[in-house]
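*Asks:* Pasting a structure here, questions to come.
The values are calculated or read from the model by the stated rules, or taken from the named source; none is laboratory data. Owing to the predicted nature of the structure, the values given are computational and were not obtained by experimental measurement. Neighbour counts are summed over all protein chains in view; Cβ atoms, including those assigned to glycine, are modelled from backbone coordinates with ideal geometry.
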Amino acid sequence: MRDDDVQPQVVLPEPVRDHLGQQLRTVYTVEGGKPQFLGDAETPPEEFEPQIKRLETRLKTHEEGTVAVENALDRILDAFGVQAEDGKDAAR
């Protein structure tokens, strides 16, 4: 088979994916760090540290950006004398 041959996308059946997911969780749970105290979160494997840092940064940025946009929109509404709706979730 050559590198430029196109392979069709193969999707595993859901029961197989579930089984493989359980196997992976078992492996990473066994090899992963154990919490020092009951109730502490397990420490993820070190190889995931860069991805976890990126995800935490992205989530923090999203949260802070959402708050900043909300505050800016509130100021714009105040400048035009428009009353915001009582429920923050009403606009969603």
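*Asks:* Exposed (fewer than 10 other Cβ atoms within 10 Å of the Cβ), modelled with pLDDT of 75 or more and at negative phi: is that true of Gln36 in this structure? Write out each step before concluding.
*Replies:* Values: exposed (fewer than 10 other Cβ atoms within 10 Å of the Cβ): yes; modelled with pLDDT of 75 or more: no; at negative phi: yes.
No; evaluated as a whole, the condition is false for this residue.
*Asks:* Also: Among (1) loosely packed, with under 10 Cβ neighbours inside 10 Å; (2) part of a helix (DSSP H, G or I); (3) modelled with pLDDT under 85, which single condition is Pro15 missing?
*Replies:* (3)
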